[in-house]
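What follows is a single structure, written as structure tokens, with notes after it.
The values are calculated or read from the model by the stated rules, or taken from the named source; none is laboratory data. Since this is a predicted model, take the numbers as computed values, not measurements. Every residue, glycine among them, receives a Cβ derived from its backbone with ideal geometry; neighbour counts consider all protein chains shown. With ligands, DNA and RNA removed, areas are computed over all heavy atoms of the protein, side chains included. Shrake-Rupley method; radii C 1.70, N 1.55, O 1.52, S 1.80 Å.
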Amino acid sequence: MADSTVNYVRMTFKNTSGNNYSIQLRYPKEDLTTTEVENVMNTIITKNIISTKGGNLNTVADGGVLIRSFTDLIE
């Protein structure tokens, strides 16, 4: 297996119980902005798209780009 790097956009919310709930999506566009991430997160909350065991999502907690890399040591 070859070395690899994969980017994700991670959005973390608080639900009505006060617990964190995160969503990760692969391959975000390279010029993704804070405003775009915040707008998507607010839309998810406003339209009540996701419900969790701890209740509906109600607050934006965190968001950003996560970069995961894998270095192959055994080939």
Exercise for the section: Tell me which of these residue 17 doesn't satisfy, since it passes every other one: (1) touching a strand residue (DSSP E or B) at 6+ places or on another chain (Cβ under 6 Å); (2) outside any loop (DSSP other than H, G, I, E, B). Expected result: (2)
Fill in the blank from the handout: Residue pairs qualifying under the 8 Å Cβ cut-off, at least six apart or on distinct chains, with the first in the range 28-53 being over 19 Å from residue 65 (Cβ atoms) and the second being in a helix (DSSP H, G or I) and open to solvent by less than 90 Å² (accessible area, probe 1.4 Å), are 49/43; 50/44
Exercise for the section: Among the candidates 15, 20, single out the residue that is among the polar types (S, T, N, Q), open to solvent by 90 Å² or more (accessible area, probe 1.4 Å), under 23 Å from residue 56 (Cβ atoms) and touching a residue at least 12 places away in the same chain (Cβ under 8 Å). Expected result: 20
Completion exercise
Note: among 60, 9, just one is buried (at least 16 other Cβ atoms within 10 Å of the Cβ) and more than 25 Å from residue 70 (Cα to Cα), namely 60
Handout entry: The one condition in (1) surrounded by 10 or more Cβ atoms within 10 Å (Cβ to Cβ); (2) of a type outside the set (Phe, Trp, Tyr); (3) over 15 Å from the mean Cα position of the chain (by Cα) that residue 46 fails to fulfil
Key = (1)
